[in-house]
Number of protein chains: 2
Amino acid sequence: MIPESHRDLLDRPLLAMLGTIQPDGTPQVMPMWADLADGLVRVNTAVGRQKHANMVRNPHVSVLVVDPDDEFRFIEVRGDVVLITSDGANEHADKLITEYRGAEHVPTAPLSETRIIVAIEPRRVIVNG
Amino acid sequence: MIPESHRDLLDRPLLAMLGTIQPDGTPQVMPMWADLADGLVRVNTAVGRQKHANMVRNPHVSVLVVDPDDEFRFIEVRGDVVLITSDGANEHADKLITEYRGAEHVPTAPLSETRIIVAIEPRRVIVNG
């Protein structure tokens with residue numbers, strides 16, 4: 001469902017704006033690191049954060065990535081959380097840190113928090129530009 | 001309610017990520033131009049667009065602006081649409097175009113669409129960095 005024309009926006013280390021629904025039904029938008037695997041958009045967060053709680057309660061999300069070189073070029077993936085797992089989540093976090101910040105930022109000490117992968121299946125994709 | 005420490009993110013011509021609620025209750029996130037006036041966050045759109053319809057139906061929105069020089073520095077304004085008006089909306093659109101793209105991009109021909117100002121009153125503000 002991700003068109004080749006805009007796939008680069010999800011493959012490149014660009015900030016993804018994740019929209020979730022708060023307990024009171026209002027929207028929340030947070031910047032996230034994201035990647036694409038087997039047609040799913042993946043973000044990485046930690047157990048207990050507000051956005052984690054939101055996605056457990058309400059799996060409907062939206063992920064927007066805008067091209068930093070052309071703000072009229074963007075992809076919005078509206079979809080549903082189909083998997084939340086800690087399996088491989090530390091390795092996934094390390095992969096994202098390496099891509100977004102550089103390998104020297106990968107933590108060497110054990111993490112104090114439980115990382116999770118959140119996998120989002122696209123339901124509708126909007127592209128522009 | 002907008003802290004001085006992060007007010008620049010709304011004053012500078014930075015892309016604002018607007019989260020709204022779709023008719024089916026799922027989130028939508030779109031890039032917008034925005035400014036700040038009298039404590040309200042203002043965006044400019046046109047009558048009939050999906051995000052306009054969303055905000056008429058459900059006034060709860062979220063506006064996220066991330067510092068392009070430091071992605072860990074951001075402001076999220078969760079709030080409610082308190083005004084949607086066409087009064088002054090063409091002039092407001094021209095102001096935003098001038099700030100975001102340059103005065104040479106201001107249209108000289110009459111617009112084919114009805115521009116509207118959407119004013120958002122902050123309910124809760126989250127800052128980071």
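Read the figures in this text as sums done on the coordinates, not as results from a lab. Keep in mind that what you see is a predicted model, and the values were worked out from it rather than measured. Cβ placement follows ideal geometry from the backbone for every residue including glycine, while neighbour counts extend to all protein chains displayed.
Could you pull out every residue, at least 5 positions away or on a different chain, whose amide H is within less than 5 Å of the one on B:ALA46? Hs are placed 1.01 Å off N in the peptide plane, and Pro or chain starts have none.
B:ILE116
In whole Hz, what ³J(HN,Hα) sequence does segment A:26-42 give by Karplus (6.51, -1.76, 1.60; θ = phi - 60°), x for Gly and Pro?
8, x, 10, 10, 9, x, 9, 8, 8, 9, 10, 8, 6, x, 9, 8, 10
What are the semi-axes of the equivalent ellipsoid for the protein assembly as shown, taken as the square roots of 5 times the Cα gyration tensor eigenvalues, largest first, in whole Å? Intermediate values should be presented prior to the final figure.
Numbers: eigenvalues 195, 71, 69 Å².
After scaling each eigenvalue by five and taking roots: 31, 19, 19 Å.
If you put a point 7 Å past Cα along the Cβ direction, how far is that point for A:ARG123 from the same point in each other copy, in nm, smallest first?
2.1
Shortest first, in nm, what separates the label point of B:GLU71 from those of the same position in the other copies (7 Å along Cα→Cβ)?
Once sorted, the set of distances for B:GLU71 reads 1.8 nm.
Can you pull the mean other chain C-beta count within 10 Å for peptide A:14-26?
So the per-residue partner count for this stretch is 5.
Apply the Karplus parameterisation 6.51 cos²θ - 1.76 cosθ + 1.60, with θ equal to phi minus 60°, to every residue of segment B:58-74 and state each ³J(HN,Hα) to the nearest whole Hz, in sequence, with x for glycine and proline.
Calculated HN-Hα couplings, in order: 9, x, 7, 9, 9, 10, 10, 10, 9, 5, x, 8, 7, 5, 7, 9, 8 Hz.
Is the shape of chain B rounded, prolate or oblate, going by the alpha carbon gyration tensor and its root eigenvalues a ≥ b ≥ c, with a/c under 1.5 for rounded and a/b larger than b/c for prolate?
In terms of gyration-tensor shape, oblate.
Taking only C-alpha pairs under 8 Å that are 6+ residues apart, what is the relative contact order of chain B in percent?
30
Okay, helix-only estimate at 222 nm for the protein assembly as shown: each DSSP H run of n ≥ 4 adds -39500 (n - 2.57), divide by all residues, round to 500 deg cm²/dmol; what do you get?
So the calculated ellipticity at 222 nm is -5000 deg cm²/dmol.
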